[in-house]
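**Student:** What follows is a single structure, and I will ask about it in a moment.
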Amino acid sequence: MTTAVVQDYMTTNPHTVSPTDSIETAIKLMEEKQVRGLPVVDEGGKLVGLITEADLIVREAPLEPPVYLTLLGSVIYFESPEKFHHHLKKTLGMQVQDAMTTNPITTTPTTPISEVAQAIVHHHISRLPVLDETGGLVGIITRHDLMQALKL
């Protein structure tokens, strides 16, 4: 029995957007193609991020400034101000690069399905871009694809 690998179940040539595409363009493409996330690639076809429904939903969530305490003229944050700034950028951004997740977890065509399943569960994600040995995007594998692998 051979071990199932990513290339056996991934979607090849996935639909993509560029960092400078509008958020509206990404939403329309996701709706049109009925996908929940899109790889974001630069002009050379290299992966620079991933934009998902979760990234877009964050835009609609109310902004909550970080909780802090002032003590003797110093500010002590109980939450990360960077997290607030990141949420603010996603909320106000107009381009894909403003809302996307940078440095997404990726995989390769020859990675065993079991490792992808472990990554998806461990990192609470739904999809992984698939990169070749040069870092070029060659596909995407999703939870749905993993379900197909389980059928066999």
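Only the coordinates and a few stated rules stand behind these numbers; no lab work does. Owing to the predicted nature of the structure, the values given are computational and were not obtained by experimental measurement. Glycine also receives a Cβ, built like all others from the backbone with ideal geometry; neighbour counts cover every protein chain displayed.
**Student:** Would you please give the FRET efficiency between Ser114 and Ser22, computed as 1/(1 + (r/R0)^6) with r the Cβ-Cβ distance and R0 = 41 Å, to the nearest 0.05?
**Tutor:** Details: r = 38 Å, r/R0 = 0.93.
So the FRET efficiency works out to roughly 0.60.
**Student:** Determine the gain in length on full extension of the stretch Leu29-Met147; use 0.36 nm per residue of separation and subtract their C-alpha separation, reporting nm with one decimal. If you can, show how the numbers build up before the last one.
**Tutor:** Details: separation 118, 0.36 × 118 = 42.48 nm, distance 2.39 nm.
This chain segment gains 40.1 nm when fully extended.
**Student:** What residues qualify as long-range amide H neighbours of Thr108, i.e. H under 5 Å apart, gap of 5 or more or another chain, H built at 1.01 Å from N?
**Tutor:** Leu131
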